[in-house]
Amino acid sequence: CYASDVSRTLPVSGEMTSPQRDLYGAVLEVQRATVAAVAEGVSLNELGRRARAHLGAELARVGVIGSANDRALDGLFPHSIGHYLGMDVHDTPLVSTSAPLVAGNVVTIEPGVYVPASATRIPAH
């Protein structure tokens, strides 16, 4: 038996605002691209580097940050791209995220953007 976690983003009002849709679309694009990049021989760290670069570009495209290399990305995406799964949701602390993935590994791909209520750069459109 394996355990897992699943993250979902849902608007409480039932409908996303235009900026929420833009942000959701940016994160979804990064998730899809990163899932497509999962392969034997690629590490979670490498997937994380690719995802962070892609997320920076996407957030710059929708106007959340000034450029793909904006330091503000560190505060908006403060974690890695995912983790291994196993018999418990986070039961692999001894497996290095720099180790190449091999057949049989199960990993999550969880890009996320955390916008504080005090944020001033989020487009209002």
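Got a number for the accessible area of Ser118? Probe 1.4 Å, square angstrom, nearest 10.
Here the accessible area works out near 90 Å².
I'd like the accessible area for Thr9, computed on protein heavy atoms only with a 1.4 Å probe and all protein chains in place. Round to 10 Å², please.
Accessible area of Thr9: about 90 Å².
What is the percent carbon and sulfur in the accessible area of the range 1-40, measuring with a 1.4 Å probe over the protein chains and ignoring ligands?
About 53 percent, which is the carbon plus sulfur part of the accessible surface.
Near the amide H of Val107, under 5 Å away, which other amide H atoms are found, from residues 5 or more places off or on another chain, if H is placed in the peptide plane?
Leu85
Based on the Cβ-Cβ distance from Thr120 to Val42, what FRET efficiency comes out when R0 is 41 Å, to the nearest 0.05?
0.65
Tell me the angle of helix 18-37 to the major Cα principal axis of the chain, expressed in degrees between 0 and 90 and rounded to the nearest ten.
Taking Cα atoms only, the helix is inclined about 20 degrees.
Using the Karplus curve 6.51 cos²θ - 1.76 cosθ + 1.60 with θ = phi - 60°, what ³J(HN,Hα) values do you get for each residue of the range 109-119, in whole Hz, with x for Gly and Pro?
Result, rounded to whole Hz: 10, 10, x, x, 10, 10, 9, x, 4, 7, 4.
On each of the three principal axes of the Cα atoms of the chain, give max minus min coordinate, whole Å, ordered largest first.
Largest first, the chain extends 45, 32, 24 Å along its Cα principal axes.
As a test question: what accessible area, to the nearest 10 Å², does Val35 have when a 1.4 Å probe is rolled over all protein chains in place?
80 Å²
The values are calculated or read from the model by the stated rules, or taken from the named source; none is laboratory data. The model shown is predicted, which means the values in this text are computed figures rather than measured ones. No Cβ is skipped: glycine too gets one built from the backbone with ideal geometry, and neighbour counts run over all protein chains shown. Please note that ligands, DNA and RNA were not included when accessible areas were found on the heavy atoms of the full protein model with its side chains. Shrake-Rupley method; radii C 1.70, N 1.55, O 1.52, S 1.80 Å.
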